[in-house]
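Okay, so here's the structure we're looking at.
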Amino acid sequence: MLDLLITNATLPDGQNHMSIAVQNGKIVELSAHMQTPAHETVDAQGQLVSPPFVDAHFHMDATLSYGLPRVNQSGTLLEGIALWGELKPLLTQEALIDRAMKYCDWAVAKGLLAIRTHVDVCDPRLLAVEALLEVKKRVAAYIDLQLVAFPQDGVLRAPGAMDNLKRALQMGVDVVGGIPHFERTMADGALSVKLLCELAAAQGKLVDMHCDESDDPLSRHVETLAYESQRLGLQGRVVGSHLTSMHSMDNYYVSKLLPLMAEAQLGVVANPLINITLQGRHDSYPKRRGMTRVPELLAHGITVAFGHDCVMDPWYSLGSGDMLEVAHMGLHVAQMTSQAAMRQCFDAVTTHPAKLMHLQGYGLQVGCHADMVLLQASNPVEALRLRANRLKVWRRGRLVASAAPAVSQLFLDQRPAQTQLV
Ligand code: FE2
């Protein structure tokens, strides 16, 4: 007897009438029209069953702090960093944990079951590191939380930051972060990339750097990141996050850069909600969109994910943990409107970030963890269009969230009394 059988499901690749059999937290069979006895059977009614959403770029130490101690007036990245600097001395471990736990609840309700969060290591108390390591433990049963040691004020620019970062890794932080464009000079930025990649190589860690998050066409640390990845044999283990300067770079230079990035197997995370909000702030008109060149990166075989980055914090006042909202914005900003491109946008919040995070057992295949989301939509494009309701969310075959279908009651003459917004 199976633990769980989901019948009549449509999968993201378009296969329909599929049954998914679950035993001991794993997918044990996947085939059309299967009818095997199970303790629980769920009829998906032809709707989409997807592997869970994955967010490869987030800041859980800052989340839900909007307005503390004040709001970002200019809307720029730099005022956000300054504001975070004002907030840092006021942080308590208890408040950090409470806000992060609340966000994790939102995430589960939205079917978001894996998150890579950067955690600022520039405060020598490493309060946020301790808090998020605690959160990681508390949510482990339902969220894969991966931490990045992130020197927000620059690993060379901020006194003691390199030592703090190394201590954070010793405490159990998984990934080496960086922020080369915030160092004092381009040369320091390049040196920071070199030192941090060498540290990761020596310790067998993954790398994920905030890189070239500006509108400056000459901010070219991504080139160094690709070079160091290759030099140190870190192919497939390094991610460049943001890369917004690529939006503004000279086209000839980008035509040389893209193959180098592909050769180094560099992963990329764009953060559409934040990029469209923070970039272009120094422009009059026309205003640049600021997001990196997603379709061109994908065309070069580079894995690109969309991250949420911020929810209600010094940089961004909105957000809800909904990765379909993130992908919806990414689709618009990158003008990825063909059917194939929209499906790539869905992949950018599911399979692509799972690959960048090196998640084990992720996906809808036999032998994978039974982590799944039943959406109120018939396919990935419809899910994006509607930012579809998450009807059921399973982790290791166990139901961890559910929501009633969205149905509106209409009061119009000679019309159906109810309508689903699909
Ligand atoms: Fe970020």
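A compact table of results
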| item | result |
| --- | --- |
| Solvent-accessible area per residue for the chain (1.4 angstrom probe, square angstrom) | 40 Å² |
| Rounded percent of accessible protein surface that carbon and sulfur make up, the chain, 1.4 Å probe | 52 percent |
| Two-site FRET efficiency, ASP413 against ARG385, from Cβ-Cβ distance with R₀ of 25 Å, rounded to 0.05 | 0.30 |
| Efficiency of FRET from Cβ geometry, ARG184 and GLU40, R₀ 56 Å, rounded to 0.05 | 0.45 |
| Segment 165-293: translational diffusion in µm²/s, Stokes-Einstein, Kirkwood Rh over Cα pairs, 25 °C, 0.890 mPa s | 165 µm²/s |
| Net charge over other residues, Cβ less than 12 angstrom from the Cβ of LYS256 (K, R count +1; D, E count -1) | -2 |
| At R0 = 51 Å, FRET efficiency that the Cβ-Cβ distance of VAL28 and LYS287 yields, to 0.05 | 0.45 |
| Amide proton proximity set for ALA38, modelled H, under 5 Å, gap of 5+ | LEU2 |
| Taking the chain and dividing mean pair separation by its residue count, relative contact order in percent (alpha carbons under 8 Å, at least six apart) | 18 percent |
| Separation in nanometres of the label points that stand 7 Å from Cα toward Cβ, at HIS300 and GLU134 | 4.3 nm |
| Rotationally averaged projected area of segment 282-335 (alpha carbon convex hull; nm²) | 4.8 nm² |
| Net charge over other residues, Cβ less than 13 angstrom from the Cβ of ALA370 (K, R count +1; D, E count -1) | +1 |
| Partners for LYS194 among lysines (Cα-Cα distance below 30 Å; same-chain residues under 8 apart left out) | LYS88, LYS136, LYS166, LYS205, LYS256, LYS355 |
| Span-rule helices in the chain, defined as complete DSSP H runs reaching 20 Å or more along the axis (Cα) with Kyte mean at least -0.5 | 93-109, 186-203 |
| 13 Å beta-carbon shell around VAL193, net charge (K/R +1, D/E -1) | -4 |
| Reachable lysines from LYS392, criterion Cα separation under 19 angstrom, eight or more residues apart if same chain | LYS26, LYS110 |
| Distant-in-sequence amide H partners of HIS57 (H built 1.01 Å from N, under 5 Å) | ARG116, HIS308, ASP309 |
| Whole-angstrom gap from segment 167-229 to segment 1-65, using each part's C-alpha centre | 37 Å |
| Ratio of the Cα radius of gyration of the chain to 2.2 N^0.38 Å, where N counts its residues | 0.99 |
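The values are calculated or read from the model by the stated rules, or taken from the named source; none is laboratory data. Remember, predicted model here, so these are calculated numbers, not experimental data. FYI the Cβ positions are ideal-geometry reconstructions off the backbone, even for glycines, and counts take in every protein chain you see. Protein only, heavy atoms only, side chains kept; ligands, DNA and RNA dropped before computing areas. Shrake-Rupley method; radii C 1.70, N 1.55, O 1.52, S 1.80 Å.
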